[in-house]
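Here the structure comes first, spelled out in structure tokens, and everything after it is commentary.
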Amino acid sequence: MTDRPAAQIVDDPSAKEIYANKLISAAFDGACVSLTFGVARVLPTGNPDGGAAGANVHVTSRLALSPAAAVDLAKSLGKMLNTLKEMAEKRLEEQKPH
């Protein structure tokens, strides 16, 4: 086994940041994990565009990941969700009357 230096992460400030509040779809074709994200936009009644009131979901981005990158993402999200769960449980415990 050879000792290789850790990969260096180089930030690219020109990289776009895209907001999403919905996962529209997730698929795996055997070689690539494809994720489609969107944002729900609520239209008020009587909007000037003449559309019906309610929520529409618009695609904002698509992400294609190698299986290895998808596994890394799943691990990171799992850790984050566990932290959020622990924080919520702690907050509930603090709010209980003694």
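Taken about its Cα centre, the chain carries a charge dipole of roughly 220 debye when the Cβ of each Lys and Arg holds +1 and the Cβ of each Asp and Glu holds -1. What's the whole-number percent of alpha carbon pairs in the chain lying beyond 15 angstrom? It works out to 79 percent of all Cα pairs. Surface composition of the chain: carbon plus sulfur atoms contribute 58% of the solvent-accessible area (1.4 Å probe, protein chains only, all chains present). Ranked by the mean number of other Cβ atoms within 10 Å of their residues, highest first, the peptides 57-70, 75-88 come out as 57-70, 75-88. Pairs from the list Lys22/Lys96; Lys22/Lys90; Lys22/Lys79 with a Cα-Cα gap above 24 Å: Lys22/Lys96; Lys22/Lys90. 3J(HN,Hα) along the stretch 12-23: 10, x, 7, 5, 6, 10, 10, 7, 8, 10, 9, 8 Hz, from the Karplus curve 6.51 cos²θ - 1.76 cosθ + 1.60 with θ = phi - 60°, whole Hz, x for Gly and Pro.
The values are calculated or read from the model by the stated rules, or taken from the named source; none is laboratory data. Quantities reported herein were computed from a predicted structural model and do not represent experimental measurements. In this analysis, Cβ positions are derived from the backbone assuming ideal geometry, glycine residues included, and neighbour counts consider all displayed protein chains. Remember, those area values only see protein heavy atoms, side chains included, never the ligands or the DNA or RNA. Shrake-Rupley method; radii C 1.70, N 1.55, O 1.52, S 1.80 Å.
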